[in-house]
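Report on the following structure.
The values are calculated or read from the model by the stated rules, or taken from the named source; none is laboratory data. Quick caveat, the model's predicted, so the values are computed rather than measured. Glycine also receives a Cβ, built like all others from the backbone with ideal geometry; neighbour counts cover every protein chain displayed. Note: accessible area is taken over every heavy atom of the protein model, side chains too, but ligands, DNA and RNA are not part of it. Shrake-Rupley method; radii C 1.70, N 1.55, O 1.52, S 1.80 Å.
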Amino acid sequence: MKAPRFEYRAATSVAHATELLAEYDGDAKVLAGGQSLVPLLNFRLSNPAALVDINGLGELGGHRLGADELHVGAVCRHREIERDPQIAARCPAIADAVAQIGHVAIRNRGTVVGSIAHADPAAEWPGLAMLLDAQFTARAVQGERTIAAGAFFDGFLSTVLDPTEVITAVTFPLPPVASGSAWIEFARRHGDFALVGVGAVIECADESITSARIVVTGVSDTPVRVAAAERVLHGAQPGEALFAEAGRVVATQVDPISDIHGDATYRRRLAQVLTRRALAVAADRAA
Amino acid sequence: MRISMEVNGRGVEVDVEDRTSLADCLRDRLGLTGVHLGCEHGVCGACTVLLDGSSVRSCLLFAVQAAGHRVTTVEGLADGAGQGGLHPVQTAFMACHGLQCGFCTPGLVLTTCELLAEDPAPTAEEVRARLSGNLCRCTGYVKIFEAVDRAAELMRARSGTAAAPAGAAEDTR
Amino acid sequence: MTATDRGHRDEWVGRSVPRKEDLPLVTGHGRYVADIQLPGTAEVAFLRSPMAHARITGIDVSAALAGEGVVTVVTGADIRATVLPFTRFVDQEFTPPGLERAAHPVILPCPMPVLASERVRYVGEPVVAVVAADRALAEDAVALVDVTYEALPVVVDPVLAVQSGSPLVHDDITDNVQATFEVRAGDVDAAFAAAPHVERFNYETQRQAASPMETRGVLAVHTDVTDETTVWTSSQTPYMVRTRISEQLGIAEESIRVVVPDMGGGFGPKVQVYPEEVLLAHLARTLGRPVRWIEDRSEHMIATAHSRDQRHTVEVAFDDSGLITAIRDDFLMDAGAYNPFSITCAYNSAVHFRSVYQVPHFQVRGRCVLTNKTPNGPYRGCGRPEATFAMDRAVYQIARLLGLDPVEVMARNLIPADAMPYPRGMPYRDGQEVVYDCGDFPAALAQLRALSGYDEHARARQAQPTSTAVTRRGIGFASYIEGTGIGPYEGAVVMLDSLGRVVVRSGSAPHGQSHDTTMSQVAADVFGLNPDQIIFSAGDTSLVPNGIGTFASRSAVVAGSAVLLAGRRLEQRVRAIASELLEISAEDLVVDAGYVHVRGDATSRVSLADVYRAALPGPQARIPGGTEPGTRELQYFVPPTVTFGAGFLAATVSVDLETGGVVVERIDIIHDCGRMINPVVVEGQLQGGILQGIGGALYESVVYDENGQPLTTTFMDYLLPTSAEVPEIRQIHLATTSDRNPLGVKGVGEAGAIAPPAAIANAVADALRPLEVELNRLPLSPPTVIEAITRAQR
């Protein structure tokens, strides 16, 4: 399990990174945290001509929590988000989710943006991106563009990103302070990829729900936002029965895949149960 | 590619292929065979090293990426200050039968070092969660948990703060 | 005469002495096979079959040979004349007469090539070896080898494999049944005819991978000067490796040295001798440079033996009180494409099936069935967890049918204490009649019942038989019995070195079991030394002429006894030599703290170094008349048969009815492993075994698709329990001294791993009451639990 030969190219600036990606014309991969890419290399399931290392680019590091958005640079590690208590206070769903990504050594190295670019349908960050309507900034030699999460994921481990593009940052608009959010997932063991994960955001006014968002991971080739279930919640009074109904709607809306860890029937059931549970936690957290 | 990095407190220069993992570099080029390869896909944790003080899988990092960084392996832990020159975490693993075959031990010792550096009095739940990225097939982990508790005591004693009663330490958090 | 005079103290045995082996291991200075660096070593990588079953129609290695850094590329055809295939695997294949008479085993030849050249029978079978300057280059060249295959029909399911018309894994084994046996005790047919109740159950234990954290690995070097081939290998059985290399390369065992360095776990699959060990010895001899192969994890998951994988059909005859009068068991073991261990695991299942219960009439047929999968071998427990799962689930199921408390039904069927020693009417694997040697099972069960809080739990459930809670708690019990310390023998050398130190060498090499510490405790008591003063080594065929290995909970029993006996002989000899030096009767001398002194006068003494020098050959030798010079004793301990460890285990679980998630909250175990040499080491063995048992109960499963493609080749898909899945574990040690070995010990290495799957399944069934769930297939993954709930609700 030794990686195949590749050329290692350390980028010295974002512009340089895009030039390198252009130079290899689609046959280079961006190396950030490497926690998904390097196993693929070690298994020889990926064989790029070059790796463009962006870890040295200070301008892509760090995160910034604003009043109504969270800005995360391309080499910001999961652990940095996990250890910021203000993020947990401002948007608990993010803290719920990030704590469930792999293990500490993985979170120390793996990056938020790398996880999004890898686009594993069971992963937390792609789901959070969908839940919060994140915006990605992608750069190529030709220029920069912004891609909305809803238009980004186009299949299993597949996105609309061109291989010559690099995501430089992601911005997560944050739900209002008075909202409640939660991320709940079910995995075989601690730290495993979830069989199913559900993220929920609820806003209430005058004891009824004014806005609700539900995203489910692990049930399709991309994370799925379930509008039909959100509609059930709009204008209704929060409560167990309502959340259970939303769960039932989710179960009718998803068409999960089967694998050795759980078949479609089971995943659909999980989606239903976890939706109800996530909504309950989110509602509880709503002011 | 020729790279220089700091390994266990010493500056080293070494020629590596681009594709050489940090683990292979440390093992084969620098003779630090306490870095063990148990899976080479980032799950087992046997190859854990500290990179600038943070635990990482050295099988998922290329040696070239460590250029200019500080790497600590289990060989670099014994600082002469503790019992028999050992780091308190090493002492505690020995005292509590926290190892059997020893293959996972370097990774677990380093993960414990990072944990206790961040939190001198972790709760039992925290310990269980923190160690879950380091697979051990021999011990059933029970005596490893005991070793982590013992190490925390030793380190608190060593840092001068008298070991607080277990309950008190948690209450302050 | 005092104990001391017999060379036997009890100062160290029985104490939780800190381990001697830890210092290098915690500082990163262990030496595992991959850590040994010899100059000029070439690395080997294998091309393994990607097909479950195919004919090889062509192999083109020309591109690989031209690859960068490639030393050579070897195919099966290249070694046909020089390397024989495996026709024998382990020495246990010998069927002793007692077993032959009682079980009539039929075992068909099933030779396994070192490199497949005509046909491949499982994904992972080695086809081509590439030797290159380093492992990465070897892997590069493997990708350049071009093998063409013609697919053959595949058989994956052992139940289908035994049906007529199934594809054949080996053409001359016409029903895919490579080995079979049938054994009975009592009059089963009459018991069934007379029984008020007869029920039939099916039980399935999944295929597992033992998954030591260190994969396999081999380093071989040949030295022309001495014409000796040295092989370092991560093996539980270095002597068997030596024998296989000798047989298959046609060289004398005396020219082969096999060394097991530090080893990162074994658990069973490293008992087998593998093609890589034989081939690397051959390559070292032909290439004239060191060669090394370190298995990677994705290879390990397909190239190293799997285990378990049994399907039992069990008929139980019982009365209204739940007393089981007879059992018929008919089972298949999915052996994979070859069956290196013959009936070893399957016969273990048969002989341990009745566990701690009387079941006076018993009949069992076991069949080892070939399929297109990785070969199946032993894994911690070796046939016992499978049998226990069937037996103790059956006890619970009949209790349920009768409306009785399952633990009461367990108790009702136990062998009473006053019936010991208890014959079982059938032979063990070694051909000797099975006679449980000792133990008070009813008292042990009662103790565990109290410890686990079962009665309170049962009362609470009775008070409130139904619940609306989403999370339910259950307690389940299981039992186990284990023949430990199997022979045929183990060897030890105990000697003085030139500095007068006591040196102990064992034929059984450790991989985590703490041999250095425990064997040193045994020797320390003989010589009046501290265990730290004993120089211990093992795992090197040049140190002890013959040995067996470390597996089957045998080392403390057989190797420990060999050390004790060799030590006692040396102690006598040391006193006899000192008697010549001090001119006083040996009876009046005491060996203590590195000296031999006159009893009651510690100043009249000679050192052990003096004794060593006095025993050197030559005219000045001061040795007792009629003896040879030297202070080295070699002893082989041959046990009369196994000694039986036993115990009970209670699992407390919580089950999430909505997700099917099972959390093991607590495991309570009461066990008898005889006299304990080192209680903390015993605890460590139990805890490790228990967590592996939890893995088998809930998480681990080797899965193949219908084409024989393995789907669990990474640690992301094969789920080992992590620290987050560990329950609270409480233990009660019973220590009934065994009279089948001089130490009075029983083995404990496998004990923890046997009962958890049965206990956890019983606990989940208990938690889900009043639903009647079928939980007869492992692992109890969340979807399986949900499926069982859904079925029961219909």
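Miscellaneous remarks
- Residue satisfying condition, being surrounded by 22 or more Cβ atoms within 10 Å (Cβ to Cβ) and touching a Leu at 6+ places or on another chain (Cβ under 6 Å), within set C:VAL241, C:VAL218, C:VAL260, C:VAL271: C:VAL218
- For the stretch C:237-285, taking the residues that are without any contact (Cβ under 8 Å) to a residue 40 or more places away in the chain and not acidic (Asp, Glu), the one that is farthest from C:GLY547 (Cα to Cα) is identified as C:ILE251.
- Index of the failed condition, B:THR48 passing every other in (1) at the interface with chain C (Cβ under 10 Å from one of its Cβ atoms); (2) within 22 Å of C:GLU214 (Cα to Cα): (1)
- Options C:TYR379, C:TYR347; residue that is in a loop (DSSP other than H, G, I, E, B), among the hydroxyl-bearing types (Ser, Thr, Tyr) and either out of contact with any helix residue (DSSP H, G or I) (no Cβ under 6 Å at 6 or more places or on another chain) or over 29 Å from C:GLY474 (Cβ atoms) (or both): C:TYR379
- Flag if B:GLU6 is outside the structural domain of B:LEU131 (by TED's automatic domain parsing), in contact with a strand residue (DSSP E or B) (Cβ under 6 Å, 6 or more places away or on another chain) and free of Cβ contacts under 8 Å to residues at least 12 places away in the same chain: no
- Just so you know, in the stretch C:28-48 the residues that are part of a loop (DSSP other than H, G, I, E, B) and buried (at least 23 other Cβ atoms within 10 Å of the Cβ) include one that is nearest to the other protein chains (Cβ to nearest Cβ), and it is C:GLY28.
- Test for B:GLY68: is it free of Cβ contacts under 8 Å to residues at least 12 places away in the same chain and open to solvent by 20 Å² or more (accessible area, probe 1.4 Å): no
- Spans of strands (runs of 3 or more DSSP E) in the stretch C:73-190 with at least 2 residues open to solvent by less than 10 Å² (accessible area, probe 1.4 Å) and closer than 30 Å to C:VAL364 by Cα: C:177-185
- Counting only strands (runs of 3 or more DSSP E) that sit completely within the stretch C:535-635, those holding 3 or more residues that are over 30 Å from C:SER738 (Cβ atoms) correspond to C:595-598, C:601-607.
- Test: residue in the stretch A:94-111 that is farther than 21 Å from B:SER55 by Cα, aliphatic (A, V, I, L, M) and in a helix (DSSP H, G or I): yes
- Per the conditions (1) of a type in the set (S, T, N, Q); (2) surrounded by fewer than 23 Cβ atoms within 10 Å (Cβ to Cβ); (3) not assigned by TED's automatic domain parsing to the domain that holds B:GLU13, the sole criterion not satisfied by B:ASN134 is (2).
- Residue-level analysis places A:LEU41 among those that are assigned to a helix (DSSP H, G or I), buried (at least 20 other Cβ atoms within 10 Å of the Cβ) and in contact (Cβ under 8 Å) with a residue 12 or more places away in the chain.
- Members of the stretch A:69-93 that are assigned to a helix (DSSP H, G or I), away from chain B (no Cβ under 14 Å) and open to solvent by 20 Å² or more (accessible area, probe 1.4 Å): A:GLN86, A:ALA88, A:ALA89, A:ARG90, A:PRO92
- Selection count where residues are at the interface with another protein chain (Cβ under 7 Å from one of its Cβ atoms) and touching a residue at least 12 places away in the same chain (Cβ under 8 Å), scope the stretch B:71-94: 6
- Scanning the stretch C:697-706 finds no residues that are within 10 Å of chain B (Cβ to nearest Cβ), part of a helix (DSSP H, G or I) and open to solvent by less than 10 Å² (accessible area, probe 1.4 Å).
To keep it simple, each residue is scored yes or no on (1) of a type in the set (S, T, N, Q); (2) under 33 Å from the mean Cα position of the chain (by Cα).
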site	(1), (2)
C:ASP10	no, yes
C:ARG15	no, yes
C:HIS29	no, yes
C:ASP35	no, yes
C:SER49	yes, yes
C:LEU65	no, no
C:VAL83	no, yes
C:GLU100	no, yes
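- The single condition from (1) under 25 Å from C:CYS368 (Cα atoms); (2) under 30 Å from the mean Cα position of the chain (by Cα); (3) hydroxyl-bearing (Ser, Thr, Tyr) that C:THR215 fails is (1).
- Single condition A:VAL30 does not satisfy, out of (1) more than 22 Å from A:ALA134 (Cβ to Cβ); (2) open to solvent by 10 Å² or more (accessible area, probe 1.4 Å): (1)
- Residue in the stretch A:47-54 that is open to solvent by less than 30 Å² (accessible area, probe 1.4 Å), in contact (Cβ under 8 Å) with a residue 12 or more places away in the chain, assigned to a strand (DSSP E or B) and more than 14 Å from chain B (Cβ to nearest Cβ) present: no
- Test: residue in the stretch C:509-522 that is closer than 23 Å to C:MET676 by Cβ, touching a Cys at 6+ places or on another chain (Cβ under 6 Å), in contact (Cβ under 8 Å) with a residue 24 or more places away in the chain and not small (Gly, Ala, Ser): yes
- Among the residues of the stretch A:106-146, just one is without any contact (Cβ under 8 Å) to a residue 60 or more places away in the chain, within 14 Å of chain B (Cβ to nearest Cβ) and of a type in the set (Lys, Arg), namely A:ARG107.
- Selected residue (criterion: modelled with the lowest pLDDT) from residues of the stretch B:137-163 that are among the aliphatic types (A, V, I, L, M) and open to solvent by 40 Å² or more (accessible area, probe 1.4 Å): B:ALA163
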